[in-house]
Amino acid sequence: MKQAYLVHGWDGSPTNCWFPWIKKELENLGYKVKALKMPHPETPIIKDWVSTLEKEIKIGEETILIGHSIGCQTIMRYLEKSNRKVKAVFFAAPWFHLNNEEDSDEAKEIAKPWLNTKINFIAIKKNCNKFTAFFSTDDPVVPLSDAKLFQKELNARIIILKDRSHFEIQTEFQELLNEIRKL
């Protein structure tokens with residue numbers, strides 16, 4: 001059975017940005033879609049967010065995972081612990097580093113464990129071998145240089161789009177849908 005799980009970002013929800021649109025589009029393609037509601041989205045904690053994925057995701061041969069921002073980090077940290085393989089993973093505004101000089105001290109403290117806790121890329125690649133990562137030329141949060149790291153560490157297909165900010169203001173995401181259709 002084709003299924004998709006959506007993991008929103010920091011301060012996000014299953015109903016913000018392009019999530020409702022992609023959910024509907026994927027359902028039209030025959031996917032069973034679950035947009036996960038992550039715990040305390042204003043103060044994301046690795047253990048709590050990964051635990052939510054462990055409880056909610058039922059992996060099958062046709063499972064895809066879609067994340068936005070810190071949701072991408074969550075998916076990677078979930079996959080490094082999983083022992084089941086997913087078909088594909090799609091990231092929007094994923095990051096290993098942040099342009100957070102202007103963030104509050106509280107935000108920097110929340111981000112710190114996500115930035116400093118190592119990720120086991122070998123384990124992740126054992127559980128998925130098809131990654132696509134979308135970046136924007138004007139993302140105020142994610143440095144564009146992280147695209148090279150996703151290509152290097154996960155052999156991700158990198159798609160750089162112009163003027164999409166942090167992919168949080170658009171209500172549709174046609175490029176993502178086009179990539180999923182290629183599966």
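Residue count for region 61-101 under the criterion of being crowded, with 24+ Cβ neighbours inside 10 Å and either free of Cβ contacts under 8 Å to residues at least 12 places away in the same chain or polar (S, T, N, Q) (or both): the result is 3.
Suppose the filter is touching a residue at least 60 places away in the same chain (Cβ under 8 Å), surrounded by 13 or more Cβ atoms within 10 Å (Cβ to Cβ) and either at positive phi or touching a Cys at 6+ places or on another chain (Cβ under 8 Å) (or both); does Ser165 pass it? No, not satisfied.
I need the full set of residues from region 134-183 which are among the hydroxyl-bearing types (Ser, Thr, Tyr) and touching a strand residue (DSSP E or B) at 6+ places or on another chain (Cβ under 9 Å), in order please. Within region 134-183, Ser136, Thr137, Ser165 meet the criteria. The residues on offer are Gly67, Gly71, and the sole one that is within 25 Å of Thr117 (Cβ to Cβ) and in a strand (DSSP E or B) is Gly67.
Just to be sure I understand the filter: pairs with C-beta atoms under 7 Å, separated by 6 or more residues or on different chains, first member in region 139-158 and surrounded by 14 or more Cβ atoms within 10 Å (Cβ to Cβ), second member in a helix (DSSP H, G or I) and not aliphatic (A, V, I, L, M). Which pairs pass? Correct list of pairs: Glu153/Phe121; Leu154/Phe121; Leu154/Lys125; Ala156/Phe150; Ile158/Phe150; Ile158/Gln151.
Taking the numbered list (1) assigned to a helix (DSSP H, G or I); (2) at pLDDT 95 or above in turn, Glu106 passes all entries but (2). Filtering region 38-59 down to residues that are closer than 21 Å to Arg84 by Cβ and of a type in the set (Val, Ile, Thr), which residue is surrounded by the fewest Cβ atoms within 10 Å (Cβ to Cβ)? Among those that are closer than 21 Å to Arg84 by Cβ and of a type in the set (Val, Ile, Thr), it is Ile46.
To keep it simple, each residue is scored yes or no on (1) of a type in the set (Ser, Thr, Tyr); (2) in contact with a helix residue (DSSP H, G or I) (Cβ under 7 Å, 6 or more places away or on another chain); (3) within 20 Å of Lys182 (Cα to Cα).
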{"position": "Asn116", "(1), (2), (3)": "no, no, no"}
{"position": "Ile122", "(1), (2), (3)": "no, no, no"}
{"position": "Lys126", "(1), (2), (3)": "no, no, no"}
{"position": "Phe131", "(1), (2), (3)": "no, yes, yes"}
{"position": "Asp139", "(1), (2), (3)": "no, no, no"}
{"position": "Val142", "(1), (2), (3)": "no, no, no"}
{"position": "Ser145", "(1), (2), (3)": "yes, no, no"}
{"position": "Leu149", "(1), (2), (3)": "no, no, no"}
{"position": "Leu154", "(1), (2), (3)": "no, yes, yes"}
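Applying the criterion of at least 2 residues that are under 25 Å from Asp103 (Cβ atoms) and under 15 Å from the mean Cα position of the chain (by Cα) to the helices (runs of 4 or more DSSP H) found wholly in region 119-183 leaves 146-154.
The values are calculated or read from the model by the stated rules, or taken from the named source; none is laboratory data. All figures in this text were calculated on a predicted structure; none of them were measured in a lab. Every residue, glycine as well, gets a Cβ built from its backbone with ideal geometry; the counts of neighbours run over all protein chains shown.
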